[in-house]
Amino acid sequence: MVDLLQGGAYLVNGGEIIPDGPDACRAVFDRTGKNITKEEAKEKTISYGILERHNTSGSMDKLKLRFDKLTSHDITFVGIIQTARASGLQKFPMPYVLTNCHNSLCAVGGTINEDDHMFGLTCAKKYGGVYVPPHQAVIHQYAREMLAEGGAMILGSDSHTRYGALGTMAVGEGGPELVKQLLEQTYDINRPEVVGVYLTGAPVKGVGPQDVALAVIGAVFQNGYVKNKVMEFVGPGVASLSADFRIGIDVMTTETTCLSSVWQTDEVIREFYDIHGRAEAYEELKPGQAAYYDGMITVDLSRIRPMIAMPFHPSNTVTIQELNENLMDILEETQKRAQVSLDGAASLNLKDKVKNGKFMVDQGIIAGCAGGGFENICAAADILKGKSIGAGGFTLSVYPASMPVYMELIRNGCAAAILETGAVMKTAFCGPCFGAGDTPANNAFSIRHSTRNFPNREGSKLQNGQIASVALMDARSIAATAANGGVLTPATDFDGEIGKYKYHFDSKIYANRVFDSHGIADPETEIQLGPNIKDWPAMGALPENLVLRVVSEIHDPVTTTDELIPSGETSSYRSNPLGLAEFTLSRKDPEYVGRAKEIRQAEEARMNGEHPCQVLPALKDIMGVIKGQFAWVNHTNTGFGSTIFAVKPGDGSAREQAASCQKVLGGWANIANEYATKRYRSNLINWGMLPFLIREGELPFRNLDYLFIPGIRKAVEEAAQTISAYVVEEGGLKSFELRLGELTEEERQIILKGCLINYNRVG
């Protein structure tokens, strides 16, 4: 079904894989008649060509990328623009689309969300951007319909910024990376490795894009096979897939922790652009005659069967058939994993869902950038046609990804077929993907064609003892389950016909409702600021030395950004840095905020010329121990702040607030064995936080310990490979070693200045 090659491979003539080895170059020559080195073959990937086109550094090893377009939604664009304004923004230098698909409901916090929307509209006018009002389209569907171009690069402040199926290499990053682009700076990375995804065969009836995506995620997430790499989809199986099917797989590549993705393009993608009135955006993309990949994933599409990702991660995958055949064993294992994820704060009882040997589901949702596509919903309509979802507890909600998609579903009758069953169709909204819509009852089990199933991602509140759980499935199997009275059912059991529907894109809705400045700024426009929209607080430069208090210690194998800063009900406060910070780690460690604030008071006193010990008397003894070995240390050359330890933090969302909330609460660092994603590490750096690393199994400190790091500023200036640190104990200092990993010169300067705003501030 899905196999991983151990090592690199050549792809020859687009159809033959030659594993790397002593005889590989000879085999390539035999088939092409050309001598080609491995490095030359690396330059023949689609990815290399796109990266080269956008690189400004002159070196393909150290990339400095300028993107063609930017996109953000209403959980992120306020903070991004506020940061850019504080750094001297005058005009958007490239197309920047502001969509409103996360804070759409305007239900929590009164007018707070709508104030954010008006902020976005006035900024689009003032700086020359595009504004997509609420309910018109989810961010990624609008980008597919209106922004993507063959060979282009798009940077978005949402982790699922993926338009590779259309030939666009797109990257989801934290907001500060978009700020850099707005300030005409660059996205700096080492040239990423490229992993080929070689597709063969064709999917059987009932198998959808989410099934293929989950099979791949399950094969590569745990082993990090594609972490921070580019996934390049090639092979004869690509031709068997529609544009919508490819898009549905592509958007889920984020859950593999890859950097980006791109696909070979063909007449199917040309037709997609034609349908959307943008024929000029198509570009044929394919690897060269002999292209070298740093890894190779082979996928036989004909062997994929309906999949389910069990709570609480998209990589917890089995086929639905396997689950039904080994029901109690798999549910028992899932419950055990849940106890680790939930820290015992709530009890998950999945085995209670088994009735007469069948697994009963409470809720189905087809939504967002992954599930809300035209073909997914048409297929669900065919499976549901003439059925009833029943008058019991089971519910089914369907969210088309854009109003043009919704309108076509109305015109072709699929919307009517769905509504007739008792299901509900709603407007374009990302809420079910992050816990702001269709929250299930306590201990309910929801099956969703959406992007993630992390703890509390469905909106339950663990801190109140409430927990529900989400499993990811394809729209087709969700519809089959709904048609079968809520009994978990793979769509391959459906014996009717799933039709092929022609899509007609109608641009009138966007023409009538979307504000597009066409790049023309109006500096006279006054930005509309609601009372909840706050400026970033002042942040100081990195001091000569640091005293850090460990204020949270997390030993989960992976810590998601949702656990660092919860989604859902917090969304209304994402334009208010201090207000949002009150929710930091609230579901994982409710004591964190109070502890962080306590040490932050000491730094605030120091910055105001006062003695930190006056506001935090415990520091007197701490400084006394430190002075016993470092007599020259005092409060004028030493900063005070907090840090957290987590084994592997940062999986999931690109939201910068996972880092910025720690910063505004006085955080100076994270300490980890590794960082789950590049984007989270970048967020830490851009907010002036030190992304420390410590070797796995070495943890010389405990929660609430004080750490002393002498000469940290000099260490950053000189790009020191290792940094000496000390645990402050009653009897003296205990030494240990930290590392920062590779930092660019710009990243070091951002940390030294204290944050990206300080680095760019004018005057």
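The values are calculated or read from the model by the stated rules, or taken from the named source; none is laboratory data. If you're wondering where the values come from, they're calculated on a predicted model, not measured in any experiment. We place every Cβ from the backbone using ideal geometry, glycine too, and count neighbours over all the protein chains shown.
Identify all residues within the range 392-424 that are touching a Pro at 6+ places or on another chain (Cβ under 8 Å), under 23 Å from E145 (Cα atoms) and not in a helix (DSSP H, G or I); write none if there are none.
If the condition is that a residue be touching a Pro at 6+ places or on another chain (Cβ under 8 Å), under 23 Å from E145 (Cα atoms) and not in a helix (DSSP H, G or I), then Y399 is the only one that fits.
May I ask you to list the residues in the range 647-668 that are farther than 20 Å from R457 by Cα and crowded, with 24+ Cβ neighbours inside 10 Å? Even if it seems obvious, please write down each step before you answer.
First pass over the range 647-668, keeping only residues farther than 20 Å from R457 by Cα: 647, 660, 662-668.
Passing the criteria: S660, Q662, K663, L665, G666, G667, W668.
For Q466, work out the one condition from (1) crowded, with 23+ Cβ neighbours inside 10 Å; (2) farther than 27 Å from G79 by Cα it doesn't fulfil.
Q466 satisfies all of (1) crowded, with 23+ Cβ neighbours inside 10 Å; (2) farther than 27 Å from G79 by Cα except (1).
In the range 731-763, how many residues are touching a residue at least 40 places away in the same chain (Cβ under 8 Å), in a strand (DSSP E or B) and more than 17 Å from R681 (Cα to Cα)?
Final tally of qualifying residues: 4.
Just wondering, is there one or more residues in the range 508-518 that are in a loop (DSSP other than H, G, I, E, B) and either buried (at least 16 other Cβ atoms within 10 Å of the Cβ) or assigned by TED's automatic domain parsing to the domain that holds D343 (or both)?
From the range 508-518, those in a loop (DSSP other than H, G, I, E, B) are 514, 517-518; that's our starting set.
Still in the running and either buried (at least 16 other Cβ atoms within 10 Å of the Cβ) or assigned by TED's automatic domain parsing to the domain that holds D343 (or both): 514, 517.
Yes, that holds for at least one residue.
Within the range 682-699, can you find the residues that are of a type outside the set (A, V, I, L, M), closer than 17 Å to Q721 by Cα and touching a Gly at 6+ places or on another chain (Cβ under 8 Å)?
Initial filter on the range 682-699 (of a type outside the set (A, V, I, L, M)): 682-683, 686-688, 691-692, 695-698.
Within this subset, residues satisfying the condition of being closer than 17 Å to Q721 by Cα are 691-692, 695.
Passing the criteria: only P691.
Condition first: of a type in the set (D, E, K, R) and either touching a Phe, Trp or Tyr at 6+ places or on another chain (Cβ under 8 Å) or within 30 Å of I626 (Cβ to Cβ) (or both). Now tell me which residues in the range 545-574 satisfy that. Talk me through it step by step, then tell me what you get.
Initial filter on the range 545-574 (of a type in the set (D, E, K, R)): 549, 553, 556, 562-563, 569, 574.
Of everything in the range 545-574, those that are of a type in the set (D, E, K, R) and either touching a Phe, Trp or Tyr at 6+ places or on another chain (Cβ under 8 Å) or within 30 Å of I626 (Cβ to Cβ) (or both) turn out to be R549, E553, D562, E563.
Could you grab me the full set of residues in the range 441-493 that are under 13 Å from K353 (Cβ atoms) and assigned to a helix (DSSP H, G or I)?
Passing the criteria: only T481.
Pull up the range 673-711, narrow it to residues that are touching a Pro at 6+ places or on another chain (Cβ under 8 Å) and hydrophobic (A, V, I, L, M, F, W, C), then point me to the one that is modelled with the lowest pLDDT.
Of the range 673-711, the ones touching a Pro at 6+ places or on another chain (Cβ under 8 Å) are 675-676, 680-687.
Filter once more, keeping what is hydrophobic (A, V, I, L, M, F, W, C): 676, 684-685, 687.
Values: A676: 89, L684: 96, I685: 96, W687: 95.
Looking at residues that are touching a Pro at 6+ places or on another chain (Cβ under 8 Å) and hydrophobic (A, V, I, L, M, F, W, C), I get A676.
So if I check each of Q339, Q264, which one is at negative phi and modelled with pLDDT under 95?
On the way: Q264 fails: modelled with pLDDT under 95.
Only one candidate qualifies: Q339.
Residues of the range 267-310 being more than 17 Å from D20 (Cα to Cα), among the β-branched types (V, I, T) and surrounded by fewer than 20 Cβ atoms within 10 Å (Cβ to Cβ), which ones?
V268, I275
Among the numbered criteria (1) under 30 Å from G357 (Cβ atoms); (2) modelled with pLDDT under 95, which single criterion is violated by A290?
(1)
What about G540, is it out of contact with any strand residue (DSSP E or B) (no Cβ under 8 Å at 6 or more places or on another chain) and either part of a helix (DSSP H, G or I) or not aromatic (F, W, Y) (or both)?
Details: out of contact with any strand residue (DSSP E or B) (no Cβ under 8 Å at 6 or more places or on another chain): no; either part of a helix (DSSP H, G or I) or not aromatic (F, W, Y) (or both): yes.
In short, no.
Quick check on my filter: what residues within the range 129-165 are among the small types (G, A, S), part of a loop (DSSP other than H, G, I, E, B) and surrounded by 23 or more Cβ atoms within 10 Å (Cβ to Cβ)?
Pass one, the range 129-165, residues among the small types (G, A, S): 129, 137, 143, 148, 150-152, 156-157, 159, 164-165.
From the residues that got through so far, the ones that are part of a loop (DSSP other than H, G, I, E, B) too are 129, 148, 150-152, 157, 159.
Correct list: G129, A148, S157, S159.
Any residue at all in the range 188-204 that's within 15 Å of the chain's Cα centre (by Cα), more than 15 Å from D68 (Cα to Cα) and not assigned by TED's automatic domain parsing to the domain that holds A367? Break it down into steps so the answer makes sense when it comes.
First pass over the range 188-204, keeping only residues within 15 Å of the chain's Cα centre (by Cα): none.
No - not one qualifying residue is present in the range 188-204.
Given the condition in the same structural domain as V212 (by TED's automatic domain parsing), farther than 19 Å from D300 by Cα and in contact with a Lys or Arg (Cβ under 8 Å, 6 or more places away or on another chain), answer yes or no: does some residue in the range 224-239 qualify? Walk me through it before giving the result.
Residues of the range 224-239 that are in the same structural domain as V212 (by TED's automatic domain parsing), as a first pass: 224-239.
After this cut, where a residue has to be farther than 19 Å from D300 by Cα as well, the list is 224, 227-230.
Then drop every residue that is not in contact with a Lys or Arg (Cβ under 8 Å, 6 or more places away or on another chain), which leaves 228.
Within the range 224-239 (the criterion being in the same structural domain as V212 (by TED's automatic domain parsing), farther than 19 Å from D300 by Cα and in contact with a Lys or Arg (Cβ under 8 Å, 6 or more places away or on another chain)), the answer is yes, since at least one residue qualifies.
Residues checked against (1) among the hydrophobic types (A, V, I, L, M, F, W, C); (2) surrounded by fewer than 16 Cβ atoms within 10 Å (Cβ to Cβ); (3) over 29 Å from N634 (Cβ atoms); (4) outside the structural domain of F77 (by TED's automatic domain parsing):
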| residue | (1), (2), (3), (4) |
| --- | --- |
| T561 | no, no, yes, yes |
| P566 | no, no, yes, yes |
| S572 | no, no, yes, yes |
| S575 | no, no, yes, yes |
| E582 | no, yes, yes, yes |
| R595 | no, no, no, yes |
| M607 | yes, yes, no, yes |
| P612 | no, no, no, yes |
| L619 | yes, no, no, yes |
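Say we look at the range 631-646 and pick out the residues that are crowded, with 19+ Cβ neighbours inside 10 Å and aromatic (F, W, Y); which of these is nearest to the chain's Cα centre (by Cα)? Steps first, please.
First pass over the range 631-646, keeping only residues crowded, with 19+ Cβ neighbours inside 10 Å: 635, 638-646.
Applying the additional criterion that residues be aromatic (F, W, Y) yields 640, 645.
Details: F640: 31, F645: 21 Å.
If we take residues in the range 631-646 being crowded, with 19+ Cβ neighbours inside 10 Å and aromatic (F, W, Y), then F645 is nearest to the chain's Cα centre (by Cα).
Output the number of the condition that A86 fails; it satisfies all remaining conditions of (1) touching a residue at least 40 places away in the same chain (Cβ under 8 Å); (2) more than 30 Å from S517 (Cα to Cα).
In the conditions (1) touching a residue at least 40 places away in the same chain (Cβ under 8 Å); (2) more than 30 Å from S517 (Cα to Cα), A86 misses (2) alone.
Return yes when I308 is in contact with a His (Cβ under 9 Å, 6 or more places away or on another chain), outside the structural domain of G7 (by TED's automatic domain parsing) and closer than 25 Å to K500 by Cα and no when it is not.
Values: in contact with a His (Cβ under 9 Å, 6 or more places away or on another chain): no; outside the structural domain of G7 (by TED's automatic domain parsing): yes; closer than 25 Å to K500 by Cα: yes.
No.
Which of the helices (runs of 4 or more DSSP H) contained wholly in the range 611-693 include at least 2 residues that are small (G, A, S)?
On the way: elements: 612-615, 618-629, 657-664, 678-686.
In the range 611-693, the matching helices (runs of 4 or more DSSP H) lie at 618-629, 657-664.
Would you mind stating whether V727 is in contact with a helix residue (DSSP H, G or I) (Cβ under 6 Å, 6 or more places away or on another chain) and either in a helix (DSSP H, G or I) or farther than 23 Å from E255 by Cα (or both)? Full working, then the answer.
Numbers: in contact with a helix residue (DSSP H, G or I) (Cβ under 6 Å, 6 or more places away or on another chain): no; either in a helix (DSSP H, G or I) or farther than 23 Å from E255 by Cα (or both): yes.
Here the answer is no, as V727 does not meet what is asked.
Just to be sure I understand, how many residues within the range 348-406 are hydrophobic (A, V, I, L, M, F, W, C) and surrounded by fewer than 18 Cβ atoms within 10 Å (Cβ to Cβ)? Before you say what the answer is, go through the steps one by one.
At the first step, the residues of the range 348-406 found to be hydrophobic (A, V, I, L, M, F, W, C) are 348, 350, 354, 359-361, 365-367, 369-370, 374, 377-381, 383-384, 389, 391, 394, 396, 398, 401, 403, 405.
Now narrow it down to the ones that are surrounded by fewer than 18 Cβ atoms within 10 Å (Cβ to Cβ): 354, 391.
So the answer is 2.
I'd like the full set of residues that are aromatic (F, W, Y) and within 27 Å of the chain's Cα centre (by Cα), limited to the range 709-763. Outline the logic, then answer.
We begin by selecting, within the range 709-763, every residue aromatic (F, W, Y); these are 726, 736, 759.
Correct list: Y759 only.
What's the number of the condition G150 fails, among (1) under 23 Å from L259 (Cβ atoms); (2) modelled with pLDDT of 95 or more; (3) touching a strand residue (DSSP E or B) at 6+ places or on another chain (Cβ under 9 Å)?
Only one criterion is unmet by G150, namely (3).
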